[in-house]
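The values are calculated or read from the model by the stated rules, or taken from the named source; none is laboratory data. On a predicted model such as this, the values are computed, not experimentally measured, just so you know. Every residue, glycine as well, gets a Cβ built from its backbone with ideal geometry; the counts of neighbours run over all protein chains shown.
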Amino acid sequence: MSDIKHPEIDLDPQDWPAFRALAHRMLDHALDHVQGAKERAIWQPVPADVKTALKAGVPHAPQGIDKVCDDFLEQVLPYSTGNTHPRFWGWVHGTGTAGGVIAEMLAACMNSNLGGRDHGAIYVEQQVVNWCKSLFGFPTSASGLLVSGTSMATVIALAAARFKVLEYPVRSTGLQNGTKRLVGYTSVEGHSCISRAFDLLGFGTDALRKIPVDQNYQMDMRALSAAIAHDRAAGLTPFMVVGAAATVNTAAVDPMHEIAELCEKEKLWFHVDGAFGAVAALGDKHTELYKGLDRADSLAFDFHKWMHVPYDAGCVLIRDAEAHRGAFNSRPEYLAEAPRGLAGGEQWFCDYGPELSRGFRALKVWFTLKEHGIEGITRKMEDNCAQARQLAQWVGEQPALELMAPVSLNIVCFRYRLDDAEKSDTLNREIVMQLQEEGIAAPSTTVLQGRAAIRVNITNHRSRLADFELLIQEVLARGEASNA
Ligand SMILES: *Cc1c(COP(=O)(O)O)cnc(C)c1O
């Protein structure tokens, strides 16, 4: 007798018509959520009873799809970050799109694994990577990979750089046996993911030199040259410079062209952190600022920020495809490719990053880029930059407000002035918490030259000018109230 107990029962719905009806209702909920983004409060804290419900133990017994959907609508959906709302300007979050909802659903129905092999999804990712190479001025011979975001893209780019500059087999020996002590450079405004990559890859965060910035928060090129010379004199091996395009605090773009020149002269790998800012290079208004970006050895950027692809989706492009592949490829027999059949295909993405199983992220990117076109995306990007300039002008017109950094693209940092600078720090942080807690607006805060600032990052295709007017009013009212 067979010990298979349920050979005829799979995990599919028992009642497909009922399942279909439910699925259609859930799609409506999803679209209502997107369409009604403006109508809701931006954010509300997760209530205690919901937190308790979300601590319920392992669901050993089946609960059924209806119950799961109900739980989702009650316990999860109402408590989003708020980045679909027109007045979400915290950190750097993309808005997402309605089309993205369709793309995510369709990717799930295919359940593709893009580690490799020969199937349609692979060609979609290849196409997306090829579009990106062409958009950012990389040669067709370059390689690329879709990843969770710029943090992972940075790890991969730095691994390729490490593989290329070390003549010993670093993948087997590690950095231990090396005679070279590698050091890299970014500015003090460089994103924390760069230090993390230095940590993960074994260089250690001390090997990342933080170069000072000028009054525009751009990397000081003289200080960079001096640091390289100093490290060489000390017997270290400078190997890379990370330029920001743009920085997370103020959206400053490092001098790309000058960094490219220096890297060429010094034979260093030029990596660009273009997490959100790379998108600005695609318009025709910032060409001067981005001159030299097309000379980068590698570029890390996100689709989920200023391109509004649903989370998560980022990309790494690497000019030297051999270095990229060399840093990651290693396939045992059970993953060998075949000349024909499903195990065929010229390019297996698992040879270009640390992950073997990979989801179909490429589909939502493909959908978004095709639906809106690069034109639609850059138009909203330019709108956001114009909104930032307008906001900065309004700040300048208010004696009680003070602009904290020059506005180069889409980030405006300002604060409510008080005679006592410490009190002003506290007040501005308090204002931001109040605006978030009351669900009115969600800027974030940062510190610039030792002082707290309200930071308004505009990577939001739903923001209107009236939203920024409201922000100014609310900040002024709260500042005045504290002063009374
Ligand atoms: C967001 C961001 C990162 C990190 O990107 P993730 O997609 O969050 O991993 C790196 N650099 C800058 C400038 C960023 O804005």
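The condition of being in a helix (DSSP H, G or I) and farther than 17 Å from Gln127 by Cβ holds for Asp294. Within segment 181-189, the presence of a residue that is within 16 Å of the ligand (Cβ to nearest atom) and within 20 Å of Ser330 (Cα to Cα) is excluded.
Here is a list: Lys265, Lys305, Lys285, Lys364. Which entry is closer than 24 Å to Arg462 by Cα and surrounded by fewer than 24 Cβ atoms within 10 Å (Cβ to Cβ)? Before the answer, list the steps.
Details: Lys265 fails: closer than 24 Å to Arg462 by Cα; Lys305 fails: surrounded by fewer than 24 Cβ atoms within 10 Å (Cβ to Cβ); Lys364 fails: surrounded by fewer than 24 Cβ atoms within 10 Å (Cβ to Cβ).
Just one listed residue meets the conditions, Lys285.
Within segment 310-333, residues that are closer than 15 Å to Lys133 by Cβ and among the charged types (D, E, K, R) sit with their Cβ atoms under 7 Å from residues that are more than 16 Å from the ligand (Cβ to nearest atom) and in a loop (DSSP other than H, G, I, E, B), at 6+ positions apart or across chains, in these pairs: Arg319/Phe138; Arg319/Pro139; Arg319/Ala142; Arg319/Asp297; Asp320/Asp297. Every residue in segment 432-455 that is under 14 Å from Glu402 (Cβ atoms) and not in a loop (DSSP other than H, G, I, E, B), please. Matches in segment 432-455: Leu448, Arg451, Ala452, Ala453, Ile454, Arg455. Considering (1) in contact with a helix residue (DSSP H, G or I) (Cβ under 6 Å, 6 or more places away or on another chain); (2) over 30 Å from Ala388 (Cα atoms); (3) in a helix (DSSP H, G or I), the lone condition that Gly99 does not fulfil carries the number (2). Note on segment 233-255: residues that are within 30 Å of Met404 (Cα to Cα), more than 10 Å from the ligand (Cβ to nearest atom) and surrounded by fewer than 24 Cβ atoms within 10 Å (Cβ to Cβ) amount to 1. Of the residues that make up segment 328-345, is at least one outside the structural domain of Asn216 (by TED's automatic domain parsing) and assigned to a helix (DSSP H, G or I)? The answer is no, given that none of the residues of segment 328-345 is outside the structural domain of Asn216 (by TED's automatic domain parsing) and assigned to a helix (DSSP H, G or I).
A residue that is within 16 Å of the ligand (Cβ to nearest atom) and at pLDDT 95 or above can be found somewhere in segment 159-178. Checking Leu166, Leu200 one by one, the residue that is hydrophobic (A, V, I, L, M, F, W, C), assigned by TED's automatic domain parsing to the domain that holds His271 and without any contact (Cβ under 8 Å) to a residue 40 or more places away in the chain is Leu166 and no other. For the residues Tyr352, Tyr334, Tyr311, the requirement of being hydroxyl-bearing (Ser, Thr, Tyr) and surrounded by fewer than 15 Cβ atoms within 10 Å (Cβ to Cβ) singles out Tyr334. Here Lys5, Lys38 are screened, and the one residue that is surrounded by 12 or more Cβ atoms within 10 Å (Cβ to Cβ) and either more than 32 Å from the chain's Cα centre (by Cα) or assigned to a helix (DSSP H, G or I) (or both) is Lys38.
Before we move on, is Asp312 of a type in the set (Asp, Glu), within 16 Å of the ligand (Cβ to nearest atom), outside the structural domain of Asn457 (by TED's automatic domain parsing) and in contact with a strand residue (DSSP E or B) (Cβ under 6 Å, 6 or more places away or on another chain)? Spelling it out, it is not the case that Asp312 is of a type in the set (Asp, Glu), within 16 Å of the ligand (Cβ to nearest atom), outside the structural domain of Asn457 (by TED's automatic domain parsing) and in contact with a strand residue (DSSP E or B) (Cβ under 6 Å, 6 or more places away or on another chain). Taken over segment 136-157, the residue count meeting the criterion of being under 18 Å from the mean Cα position of the chain (by Cα) and either among the aliphatic types (A, V, I, L, M) or away from the ligand (no atom under 12 Å from the Cβ) (or both) is 10.
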